[in-house]
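Structure record follows, encoded as structure tokens.
The values are calculated or read from the model by the stated rules, or taken from the named source; none is laboratory data. In this text the structure is predicted, and so the values were computed from the model without any measurement. Neighbour counts are summed over all protein chains in view; Cβ atoms, including those assigned to glycine, are modelled from backbone coordinates with ideal geometry.
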Amino acid sequence: MSEWVQQDVPAFAVVGRVNMGKSSVLATLLEIDDNQLIRVSATPGETTNCQTHRVVFSDRDCIRFIDTPGFSRPVEAMREIQRLHGEGTPGVEALKEFVAKVGEEFGDEKRLLEPLLEGAGVLYVVDPAKPLRDDFLAEMEILRWTGVPRLALLNRRAANAGTDEEAWRKRLGGAFNLVRTFDAHQARYEERLRLLKALLEIEERHRGRLEETIALVEEEWDRRREEAVEVIIGFLEESLSLKVTATLEERDLTLPSRRHRKEELLQQEYFGDLAKLERKCFEKLLKIHRHHLLKADSSAESFQGIDLESAETWTKWGLGRGQLSVAAALAGGAAGLAVDVATGGLSHGAGTIFGALGGGAAAWLKGGSLPDLRIDLRGGVKLGTGEGKALSMGPPKNPNFPWILLDGVLTRYQRIVNRSHGRRDEEVLKGQEAGFTRDFPADRRSVLAKWFGGCLKGSPNRALEPEIFEALLETLQEVAEEK
Ligand SMILES: Nc1nc2c(ncn2[C@@H]2O[C@H](COP(=O)(O)OP(=O)(O)OP(=O)(O)O)[C@@H](O)[C@H]2O)c(=O)[nH]1
Ligand SMILES: [Mg+2]
């Protein structure tokens, strides 16, 4: 069989002028952010040979894409083909003759035509911000002569560049079976799927295989979302029940400054551990979505996790006051209801007056006092026993804590699913401005509140898990689809 195209496997060559974003389009479509695998570069002429990328599901070759060098002398090539052909419209035979006869002066054109002459379909990438000149018309003409199925993709590389998109569309419409836009730096799952479906429209011969591939891609996306939900459930469970402990020696109790230092260290440890859990969660989500250039940050010190100590966190994420009081009442007796002062356990063990107000009301008052953060400090200290006392810390009593954690993950998840793999810049994963939990439907908030309650007490309600799974699955879908 031929070099580029195999029978029964649909193949498409990505062609176009140098530097139009051909490799970027392919990298985004196939979710490859590695320059070793698909070279993307601002230097024109980076792709010098055809390179096949196979889409394989369970060892089954589903579809092939061939990255090609760009056209470099299309007008001259067009003239040469016409000259070789003589009168009338050249066809496949004339193109074959051209490939066989001309030398390296048309090296790029020869190489990009080879897969097409073997029957590969065409994905023609243009930047509609470029003026529509003769050389582009020559490319379109040559591609038309191949007679293979042709899809034109408008990949606009600069948002603010001038454009004559209508003129492009009109011209392309005459020479291609279908014209679509596909932004290599912005396209998300929806657009990738739409592009695959467009291939179905232009390539009748491989309908069965293409339909199967599309179904597999959709299944795989669903599976990834389920995996992401599992990761998030695991993270929430672990972090909501996270506790750190230290031993308080008798001498720590004699001086308040010593005791405070111990408390501070414990608090640092608590936030450090929480950050570790978070980073682990983000890393897993990044892996599920095959990102290597988008990072959860490498070192623990510089980790950009959820900053619970910042007032901003408590105002931009989590639930509003009214919502919180309902959620806290539902969580029933969970942490977040107790309002004793931070060192309550140590000093007098006395709660405040708010403690008597009951769940909902206390949470409402607490909501009003955001961003106050309280750490549960247990372990009454009896002096004179000669032994150290266990001091434990976590989770914060603020009822908004679980919602803030969840918003922290959801806003990152959104960035993870939105980032296109065709980009080659490194990026550190950051939380976005606004959270999502505030806009949850009431029933979702209530089931989550119940489940959070159990986790905070260190005894997650397993019976609720299927419902939580569904609620988060729905949430991730909304987060991914939000414009
Ligand atoms: N902003 C933006 N830049 C893009 C987009 N697509 C490609 N680029 C940039 O355009 C440049 C060329 O992209 P490539 O994908 O390497 O282009 P190519 O057509 O494969 O280039 P050759 O292989 O050299 O012919 C790179 O700097 C890309 O990052 C896009 O959608 N938006
Ligand atoms: Mg390239």
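Under 8 Å between Cβ atoms, at least 6 apart or on separate chains: pull out the pairs that start in the range 187-200 with a residue that is at pLDDT below 95 and end on any residue that is basic (K, R).
Here the result reads L200/R207, each pair linking the range 187-200 to a residue that is basic (K, R).
Test each condition in (1) more than 14 Å from ligand 1 (Cβ to nearest atom); (2) of a type outside the set (S, T, Y); (3) modelled with pLDDT under 90; (4) more than 19 Å from I202 (Cβ to Cβ) for D8 and report the one that comes out false.
Exception for D8: condition (4).
Just checking, which of E211, E191, E219, E204 is out of contact with any strand residue (DSSP E or B) (no Cβ under 6 Å at 6 or more places or on another chain), of a type in the set (D, E), within 16 Å of ligand 1 (Cβ to nearest atom) and under 28 Å from V9 (Cβ atoms)?
Result: E191 is the single residue among E211, E191, E219, E204 that is out of contact with any strand residue (DSSP E or B) (no Cβ under 6 Å at 6 or more places or on another chain), of a type in the set (D, E), within 16 Å of ligand 1 (Cβ to nearest atom) and under 28 Å from V9 (Cβ atoms).
D108 is checked against (1) surrounded by 15 or more Cβ atoms within 10 Å (Cβ to Cβ); (2) within 10 Å of ligand 1 (Cβ to nearest atom); (3) in a loop (DSSP other than H, G, I, E, B) and fails just one. What number does that condition carry?
Among (1) surrounded by 15 or more Cβ atoms within 10 Å (Cβ to Cβ); (2) within 10 Å of ligand 1 (Cβ to nearest atom); (3) in a loop (DSSP other than H, G, I, E, B), D108 violates only (3).
Would you check which residues across the range 444-483 are under 28 Å from the mean Cα position of the chain (by Cα) and without any contact (Cβ under 8 Å) to a residue 24 or more places away in the chain and list them?
W451, L464, P466, E467, E470, K483, listed by residue number.
Looking for something out of contact with any Asp or Glu (no Cβ under 7 Å at 6 or more places or on another chain), small (G, A, S), farther than 19 Å from I63 by Cα and surrounded by fewer than 18 Cβ atoms within 10 Å (Cβ to Cβ) - is there at least one such residue anywhere in the range 204-211?
No, that holds for no residue.
Which of the residues that make up the range 11-37 are of a type in the set (A, V, I, L, M, F, W, C) and under 18 Å from E191 (Cβ atoms)?
Of everything in the range 11-37, those that are of a type in the set (A, V, I, L, M, F, W, C) and under 18 Å from E191 (Cβ atoms) turn out to be F12, V14, M20, V25, L26, A27, L29, L30, I32.
Got at least one residue in the range 48-59 being outside any loop (DSSP other than H, G, I, E, B), of a type outside the set (F, W, Y), within 12 Å of ligand 1 (Cβ to nearest atom) and in the same structural domain as L132 (by TED's automatic domain parsing)?
Within the range 48-59, one or more residues are outside any loop (DSSP other than H, G, I, E, B), of a type outside the set (F, W, Y), within 12 Å of ligand 1 (Cβ to nearest atom) and in the same structural domain as L132 (by TED's automatic domain parsing).
When the residues of the range 6-64 are filtered to those that are closer than 25 Å to L216 by Cβ and basic (K, R), which remaining residue is farthest from ligand 2 (Cβ to nearest atom)?
Looking at residues that are closer than 25 Å to L216 by Cβ and basic (K, R), I get R60.
If a residue must be crowded, with 21+ Cβ neighbours inside 10 Å and part of a helix (DSSP H, G or I), how many such residues does the range 118-139 contain?
Count: 2.
Just need a number here: residues in the range 197-245 that are within 16 Å of the chain's Cα centre (by Cα) and of a type in the set (G, A, S).
The number of residues fulfilling the criteria is 1.
If E238 satisfies all but one of (1) in contact with a helix residue (DSSP H, G or I) (Cβ under 6 Å, 6 or more places away or on another chain); (2) under 26 Å from P399 (Cβ atoms); (3) part of a helix (DSSP H, G or I); (4) at pLDDT below 95, what's the number of the condition it fails?
Single failed check for E238: (4).
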